[in-house]
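Heads up: the structure comes next, in structure tokens.
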Amino acid sequence: MVSIGDLLIDAGVARNQLEECRGLASTSGESIDRILLQRGYLDEPTLLQVYAKHLGYEFKESLEGLKVPTQFVDQVPIQFARNYNLIPIEVTDDRIVKVATCAPLDPHPMDDLSALLGCEIDAVLAPRLEITGLIGRAYRHKADGIDEALDAVAEDGDIGSMAAEIDEAEDVLNVSNKAPIIKLVNTVLFQALKMRASDVHFQPYADRMQVRFRIDGILYDMDSIPRRVQDAIISRVKVMGKMDIAERRLPQDGRATIRLGDGEVDVRISSVPTSDGERIVMRLLDKTSKLYTLDEIGLTQENQDTMASFLDYNHGIILVTGPTGSGKTTTLYASMAQIDTSQKNVLTIEDPVEYALAGVSQVQVNQKKGLTFAKGLRSFLRQDPDVMMVGEIRDLETAEVAIRAALTGHLVFSTVHTNDAASTITRMVDQGVEPYLVSSSIILIIAQRLVRTNCKHCTTTVPITDEWRAKLEKVGIELNLMKGVVSVGEGCEECFHSGYSGRTAIYEIMPVDETLRTQIMEGASATIMKRSAVQRGMVTLREDGRQKILSGATTADEVLRVTQLDFE
């Protein structure tokens, strides 16, 4: 039999690296596979495939679409599954449970799991991120312990006890031996992360505090918390965000980092005083969530080709526009990921830095220290850049620096808040930028919105009723194209009975061509510029939405919710 050492060397580990890892393993007591990963000598999928071959295990690169046996979710605490990265993926006919693991050299947790379940176990190797994702999906619908945490709060005589206890990065899975109020806040955050919430609201009322989650852009009421623990919860959240717990009359902002097992989540915290007490909103930015590529964000092939061609330009401004929460940052990151950082110097200034981009120097805005978008962009010009990204153009100073950068041979990416592509131009002029500078610097404008997609677990086709007919006609779809049916989610446990799961973007992409440059110089209105662009082949937001309805990706309700008429 070929030794594991030879297999590792064949996979790309140098012999001296292998000896180094063996030495570290013998002195530290840590397994050699963990050390190889920590040192970066092999990527995880390759390493797991080597061990699968050596040990005779099955290897699965993806666990997408697999269903976890309910017996496991009922019998095994989530802390156990998370701590040891174990999740069953199948029960065979002879009652053997196949369990995905990313630690092939650690058999003890598998033995403990076998004892918990009372059955024999077969190991299947899979990457850690795949396992943690499946654990999150499996436990999503299990009772989250909020009632239990509330009971503990009720029994605690000193409600504010230990509210000030704080770790550098609080692990929301670690609720054992925590003060009741900390346990309650951690449990709410864990529930939010399991349900893919982007924001958590603690909204005070006269008789209670209401917890609300924003999932796929829609707010849902979750648990109610008794009024008497409101102050303790607010104090706890303020401590997490390093805010002033004594100041209750002024709005405050804070930041925190929480951990979910191995992954980290950035939290932006905002408090405002209301007549019923302070209201808290926490924005969750999961650093472990995947970075999307241009072919995954909802672009048609034609729009994708258009964008890809502009990414090769060596100077000019590419603007992404839309309201808050419309996916602008995701589009920017997907675009930046296409740029070859080995040949180009790429810098970004963001508020905040949401995801780490390989090969890109990322700077975070710091208003207190005077580091604004404009100052950061100005300093970038002395860093010999090829490509720059500025989080948002929100004032004349930032706009002027971005334009100067574009006119001096740099490609600049940024965002603005406007309703469509054409009104971005009039917004820049209204900010005080000269029309000739706008026309000569901007090369591409991308307007976008996010629409919820039909749940893949419960989507079905239903006959077109009078209600659906009215909606489809309002969107502008000819009924003969629908073949008498519409695709719609019925609602199931996977999508919280909403019929939707996940989101995709609809786009309006407007290249700044010679005709548009002339119109900008002549001071044409946004409507005139938009009509002219449509005549030259531009697909509007609503038209792109129509195409996604026809493909069955989303519904007329969603397109009507996020778009207006193309022309009033």
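Simple spin-label model, 7 Å along Cα-to-Cβ: Ser31 to Thr46 in nm?
According to this spin-label approximation, the distance is 2.0 nm.
Please list the equivalent ellipsoid semi-axes of region 364-440, computed as the square roots of five times the alpha-carbon gyration tensor eigenvalues, in descending order and whole angstrom.
Value: 21, 15, 11 Å, ordered largest first.
Just report the Cα centroid separation between region 395-454 and region 77-141, whole Å.
Each part reduced to its Cα centre gives a spacing of 50 Å.
Could you compute how fast region 264-332 diffuses translationally, taking Rh as the Kirkwood radius over C-alpha pairs and applying Stokes-Einstein at 10 °C with viscosity 1.306 mPa s? Give it in µm² per second.
103 µm²/s
Distance from the Cα centre of region 183-199 to that of region 279-354, in angstrom?
Their Cα centres are 26 Å away from one another.
If you count only protein heavy atoms with a 1.4 Å probe, what accessible area per residue comes out for region 516-568, rounded to a whole Å²?
48 Å²
By accessible area of protein heavy atoms, probe 1.4 Å, what ranking do His410, His108 get, highest first?
His108, His410
Taking a Cβ-Cβ separation under 4.7 Å as the criterion for a possible partner, which cysteines of the chain have none?
By the Cβ distance rule, which asks for a partner under 4.7 Å, the isolated cysteines are Cys21, Cys102, Cys119.
If all Cα-Cα distances of region 220-334 are sorted into 5 Å bins from 0 onward, what percent lands in each bin, rounded to whole numbers?
The calculated distribution, bin by bin, is 2, 9, 14, 15, 14, 12, 10, 9, 7, 5, 3, 0.
What share of Cα pairs, in percent, lie more than 16 angstrom apart in region 487-568?
60 percent
Which value, in Å² and to the nearest 10, is the accessible area of Arg128 when all protein chains are kept and the probe is 1.4 Å?
About 60 Å², rounded to the nearest 10.
With n ≥ 4 as the cut-off for DSSP H runs, can you work out [θ] at 222 nm for the chain, using -39500 (n - 2.57) per run divided by the number of residues, rounded to the nearest 500?
Helices in the chain give a 222 nm mean residue ellipticity of -11000 deg cm²/dmol.
What accessible area, in Å² to the nearest ten, does a 1.4 Å probe give for Thr515?
Only protein atoms counted, so the area is about 60 Å².
Sort 381-388, 276-283, 499-506 by packing, meaning the average of other beta carbons within 10 Å per residue, with the highest value first.
Ranked by mean Cβ neighbours within 10 Å, highest first: 499-506, 276-283, 381-388.
Cα atoms only: what Rg and Dmax, in Å, come out for the chain?
Considering the chain through its Cα atoms, Rg and Dmax are 26.6, 78 Å.
Just for the chain, what percent of DSSP beta bridges are antiparallel, to the closest 5?
Bridges in the chain are about 65 percent antiparallel.
Can you give me the relative contact order of the chain as a percent, contacts being Cα pairs under 8 Å and 6 or more apart?
8 percent
Please report, to one decimal in angstroms, the Kirkwood hydrodynamic radius of region 410-548 built from all distinct Cα-Cα pairs.
Result for region 410-548 stands at 17.5 Å.
So for region 469-523, what are the equivalent ellipsoid semi-axes in whole Å, largest first, each being the square root of 5 times an eigenvalue of the Cα gyration tensor?
38, 19, 9
If packing is taken as the average count of other Cβ atoms within 10 Å, what order do 305-313, 523-531, 411-419, 345-353 fall into, highest mean first?
Answer by packing, highest mean first, reads 411-419, 345-353, 523-531, 305-313.
Working from Cα positions, state the angle (0 to 90°, nearest 10) between the long axis of helix 301-310 and the longest principal axis of the chain.
80 degrees
Quick check of the Kirkwood formula: for region 202-251, what is the inverse mean of 1/r over all pairs of different Cα atoms, in Å?
In region 202-251 this quantity evaluates to 12.1 Å.
Can you bin every Cα-Cα distance in region 291-442 into 5 Å intervals starting at zero and give me the percent of pairs per bin, rounded to whole numbers?
Computed distribution, short to long bins: 2, 9, 20, 24, 23, 15, 6, 1, 0.
How big, on average over all directions, is the shadow cast by the Cα convex hull of region 1-81, in nm²?
Convex hull of Cα atoms, orientation-averaged projection: 7.3 nm².
Residues in region 512-553 near a label at Asp566, defined as backbone nitrogen under 12 Å from the 7 Å Cα→Cβ point?
Within reach of a label on Asp566, which here means backbone N under 12 Å from a point 7 Å along Cα→Cβ, region 512-553 contributes 530-547.
The values are calculated or read from the model by the stated rules, or taken from the named source; none is laboratory data. In this text, all values refer to a predicted model and were calculated from it rather than measured experimentally. No Cβ is skipped: glycine too gets one built from the backbone with ideal geometry, and neighbour counts run over all protein chains shown. Just the protein is used for accessible areas: all its heavy atoms, side chains included, with ligands, DNA and RNA removed. Shrake-Rupley method; radii C 1.70, N 1.55, O 1.52, S 1.80 Å.
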